[in-house]
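A short write-up of the structure that comes next.
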Amino acid sequence: MKNIYSLLILVFIFVLGISCNPTFYVPNTQNVPMIGEKGQVNLSLAGNVNQVEIQGAYGLNSKFAIQANTAFYIPGDLDNGNGGGGKLFELGLGYYKPIRERIIFETYALLGIGGMENHFPTTLTANPNTTGKISALLNRYTIQPILGFNAKYYSVIFSSRFSSLNYGNYKGSLVFDNADQTEYLKANRINFLIEPALTVRVGSEKIKFQLQVMHSFNLSNDLFKQEDDLISMGLNFHF
């Protein structure tokens, strides 16, 4: 029990973290619905203190399913006014196949569109001819395979996102640590990501508590200004 309390404290400290540097990408929770038959519906409310997410999926027939996801990154600003935010909307079509009675394989092709912004008013004194802000639109193309064990009162699910993350439509002028952030983002406008995740659900047959842990590997630039880790919690509904 003591170990569980320690883990919860570490999770709480982790999700409270607010970056002191510009952040151009924060991974969202992976939608791992575990659709097993036509007409099944899976809904999730997930996130942490910095982001809120709503996810859904539906079994179209005996082989194919669709999913839709929204994510809003809304952390509070630092005391000095520095901060940022973002949003993502995602749609996907997938194939699913029950391998055994409780083991399900799924894979989804996903398209996500959204945007991000950073505002750092503390940079204006040293850079008076800038706005202290930067924003950009983004799109993300993803293949997401899923393999999970789905019991009546719990589920254990392994998944990974293989994505191309792309930026455009840059606005604003932000200089941070003597570097033009717009030029930095333009130079890193295409990023290839691999994001493995583990999801655990525990509860009743139709409503379960969900915990997901994920790491984001940026194959294009391992020093890209992004969040590398995500811990999210929420509720999952399966009908």
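The values are calculated or read from the model by the stated rules, or taken from the named source; none is laboratory data. The shown structure was predicted, so the numbers you read here are calculated from the model rather than taken from an experiment. Positions of Cβ are backbone-derived with ideal geometry, glycine not excepted, and every protein chain shown enters the neighbour counts.
Within the range 155-181, being over 15 Å from Thr23 (Cβ atoms) and not small (Gly, Ala, Ser) holds for Val156, Ile157, Phe158, Arg161, Phe162, Asn166, Asn169, Tyr170, Lys171, Val175, Asn178, Asp180.
Of all residue pairs spaced 6 or more apart or on separate chains, those with beta-carbon atoms under 8 Å, a first member in the range 185-198 that is within 17 Å of Asn28 (Cβ to Cβ) and a second member that is in a strand (DSSP E or B) and basic (Lys, Arg) are Leu193/Arg161; Ile194/Arg161; Glu195/Arg161; Ala197/Arg161. Scanning for something at pLDDT below 95 and either under 17 Å from Ile99 (Cβ atoms) or among the basic types (Lys, Arg) (or both), does the range 132-142 turn up at least one residue? No, there is no match, as no residue in the range 132-142 is at pLDDT below 95 and either under 17 Å from Ile99 (Cβ atoms) or among the basic types (Lys, Arg) (or both).
Of all residues in the range 113-140, those that are touching a residue at least 24 places away in the same chain (Cβ under 8 Å) have Cβ atoms under 6 Å from Cβ atoms of residues that are acidic (Asp, Glu), 6 or more apart or on another chain, in Ser135/Glu117. If you take the residues in the range 35-58 that are assigned to a loop (DSSP other than H, G, I, E, B) and either hydrophobic (A, V, I, L, M, F, W, C) or touching a Phe, Trp or Tyr at 6+ places or on another chain (Cβ under 6 Å) (or both), which one is modelled with the highest pLDDT? For the range 35-58, the residue satisfying everything is Ile35. The sole residue among Asn169, Asn221 that is at positive phi, exposed (fewer than 14 other Cβ atoms within 10 Å of the Cβ) and modelled with pLDDT of 95 or more is Asn169.
Screening Asn80, Asn61 for residues that are of a type in the set (S, T, N, Q), free of Cβ contacts under 8 Å to residues at least 24 places away in the same chain, loosely packed, with under 14 Cβ neighbours inside 10 Å and not in a strand (DSSP E or B) leaves exactly one candidate, Asn61.
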